[in-house]
1. Across the range 44-58, which residue is farthest from the chain's Cα centre (by Cα) among those that are free of Cβ contacts under 8 Å to residues at least 40 places away in the same chain and near ligand 1 (Cβ under 8 Å from one of its atoms)?
2. Out of curiosity, is residue 24 within 14 Å of ligand 2 (Cβ to nearest atom), in contact with a strand residue (DSSP E or B) (Cβ under 6 Å, 6 or more places away or on another chain) and modelled with pLDDT of 95 or more?
3. Quick one: how many residues across the range 65-81 are touching a helix residue (DSSP H, G or I) at 6+ places or on another chain (Cβ under 9 Å) and either touching a residue at least 40 places away in the same chain (Cβ under 8 Å) or surrounded by 19 or more Cβ atoms within 10 Å (Cβ to Cβ) (or both)?
4. Inspect all residues belonging to the range 169-181 and state whether any of them is modelled with pLDDT of 95 or more, more than 20 Å from residue 88 (Cβ to Cβ) and within 17 Å of the chain's Cα centre (by Cα).
5. Can you tell me which residue is nearest to ligand 2 (Cβ to nearest atom) among those in the range 39-66 that are closer than 16 Å to residue 93 by Cβ and part of a helix (DSSP H, G or I)?
6. Which strands (runs of 3 or more DSSP E) sit wholly inside the range 71-174 and have at least 2 residues that are within 13 Å of ligand 1 (Cβ to nearest atom)?
7. Does residue 165 fit the bill of being at negative phi, in contact with a strand residue (DSSP E or B) (Cβ under 8 Å, 6 or more places away or on another chain) and at pLDDT 95 or above?
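The values are calculated or read from the model by the stated rules, or taken from the named source; none is laboratory data. These figures come from a predicted structure and were not determined experimentally. As a convention, Cβ positions derive from the backbone with ideal geometry for all residues, glycine included, and neighbour counts pool all protein chains shown.
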Ligand code: URA
Ligand code: SF4
């Protein structure tokens, strides 16, 4: 797709999200967090939902989970500017609780549209919510994040072949150091795959 058109479509979508009241989460949000990054990136990262800092700054992954993610990205040789990063749910659930199924149902069409605009070759899901959502979208069975993570899945999305990689959520690694290494492995897997995909 023409980069100007991509940009225009994404701006329209962001404008829609900025006034969205499709689920109750709009009531407590300071700012929705649509996502940010390179619309022409071969890879999209999908988190769960904004937290406190994300809600204040209207940017994804800027709090402590974001700092950890940035550190892992740097180690893997990826910059935030070279990827697109968003969340399954665009407004902060109060007290950082998990998003409800009804909220995911209301909000996920925005993610679907973002993926349709960007058309990434690789999707990396962070945490069980976005993983379970993407798995069901492409017809894979999700059992648990520990089983799903760290592997490459080939799938079809919108008629195109994509690679799906699941990772533990970086917030989980704040409480469990071991998980940081697992997240690193998943992201490294994505980076190596990105090099291969871009060679073609
Ligand atoms: N956790 C998420 O899932 N997304 C963010 O943007 C920040 C923290
Ligand atoms: Fe709309 Fe999504 Fe925010 Fe709910 S979470 S109000 S569906 S943008």
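1. Within the range 44-58, the subset free of Cβ contacts under 8 Å to residues at least 40 places away in the same chain is 53-58.
If we keep only those that are near ligand 1 (Cβ under 8 Å from one of its atoms) too, we end up with 53-54.
Working: 53: 17, 54: 14 Å.
Top of the filtered list is 53.
2. On the way: within 14 Å of ligand 2 (Cβ to nearest atom): yes; in contact with a strand residue (DSSP E or B) (Cβ under 6 Å, 6 or more places away or on another chain): no; modelled with pLDDT of 95 or more: yes.
So residue 24 does not fit the description; no.
3. 11
4. Checking the range 169-181: not a single residue is modelled with pLDDT of 95 or more, more than 20 Å from residue 88 (Cβ to Cβ) and within 17 Å of the chain's Cα centre (by Cα).
5. 55
6. Values: elements: 84-87, 122-126, 152-157, 160-167.
It comes to 84-87, 122-126.
7. Values: at negative phi: yes; in contact with a strand residue (DSSP E or B) (Cβ under 8 Å, 6 or more places away or on another chain): yes; at pLDDT 95 or above: yes.
Answer is yes for this residue.
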